[in-house]
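J.: Questions regarding the structure given below will be posed in turn.
The values are calculated or read from the model by the stated rules, or taken from the named source; none is laboratory data. Every value quoted in this text rests on a predicted model; they were computed, and no experiment measured them. Glycine gets a Cβ as well: all are built from the backbone with ideal geometry, and neighbour counts include every protein chain shown.
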Amino acid sequence: MRRLLFSAGIVPFMLSAALAQSDPAADLQKADKALNETFRQIEHRLAQDPAGKERLIKAQRAWIEFRDAECTFQSSGEDGGSAAPMVAAACKANLTEDRTRQLENYLNCEETDLACPVPAQ
């Protein structure tokens, strides 16, 4: 019981301290800008592959829907609270950074990688 109370008291404090050290909205804006730049690079590489470009767009739309739903879920513990928008924005920033790294991997995969949907430059 003591361990549970200790954890319950420390975890929210640590989360709020981490969120206070950064601006989740600014972090999301920065992450979104990087994602859009990387997405445009892939679109450019797929210029000669309309079907591939359409698959990219479809995947990205599905990913955005997933990200938003996941972050709504993650921030639901704070529903109605003033921290909910910060928790959701931090979640979106983190997932957007992850997605950017995933797209960057497509830009840098080996030419012989058959699992790479983006042609090498």
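J.: Sort out which residues of region 68-121 are free of Cβ contacts under 8 Å to residues at least 40 places away in the same chain, surrounded by 13 or more Cβ atoms within 10 Å (Cβ to Cβ) and among the hydroxyl-bearing types (Ser, Thr, Tyr), and write them in order of number.
T.: Scanning region 68-121 gives THR72, SER75.
J.: Looking only at region 85-119, which residues are small (Gly, Ala, Ser) and more than 12 Å from PRO24 (Cβ to Cβ)? Don't jump to the end; show me each part of the working.
T.: Restricting attention to region 85-119, the residues satisfying the condition of being small (Gly, Ala, Ser) are 88-90, 93, 115.
Matches in region 85-119: ALA115 only.
J.: Still on this structure: Any idea how many residues of region 4-47 are within 23 Å of ALA88 (Cα to Cα), of a type outside the set (Gly, Ala, Ser), in a helix (DSSP H, G or I) and at pLDDT below 95?
T.: Adding up the residues that qualify gives 7.
J.: In region 71-93, is there at least one residue being at pLDDT 95 or above and acidic (Asp, Glu)?
T.: Scanning region 71-93 turns up no residue that is at pLDDT 95 or above and acidic (Asp, Glu).
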